[in-house]
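FYI, it's all coordinate maths here, none of it is from the lab. Nothing here was measured: the structure is a model prediction, and the numbers come from that model. Heads up, the Cβs are rebuilt from the backbone with ideal geometry, glycines too, and the neighbour counts pull from every protein chain shown.
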Amino acid sequence: MWQAGYFNDRDRAFHPTLDAHIDALLDAFRNGQEPPPATAGRRALALAYAAIESFETGRRVQV
């Protein structure tokens, strides 16, 4: 699980964590296994879409 830390740049950096997730995803596909969960990314995407909708409509959006 990702947690912010002042001196933990490796775990906070976007590209290395994305690369690790994609490596795990490809390994799972190659081995016929379930892919790793992407629930945090899905939640972030839902929040981003809600923020855009809220901005465009000027209303609060239930997420």
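Among all residue pairs at least 6 apart or on different chains, which show Cβ distances below 8 Å where the first residue, located in the stretch 45-61, is free of Cβ contacts under 8 Å to residues at least 24 places away in the same chain and hydrophobic (A, V, I, L, M, F, W, C) and the second is surrounded by 12 or more Cβ atoms within 10 Å (Cβ to Cβ) and outside any loop (DSSP other than H, G, I, E, B)?
Close Cβ pairs satisfying both conditions: V61/A50; V61/A51; V61/E53; V61/S54.
Restricting to the stretch 39-51, name every residue that is among the β-branched types (V, I, T) and surrounded by 11 or more Cβ atoms within 10 Å (Cβ to Cβ). Can you show your working first?
Of all residues in the stretch 39-51, those among the β-branched types (V, I, T) come to 39.
Those that are among the β-branched types (V, I, T) and surrounded by 11 or more Cβ atoms within 10 Å (Cβ to Cβ): none in the stretch 39-51.
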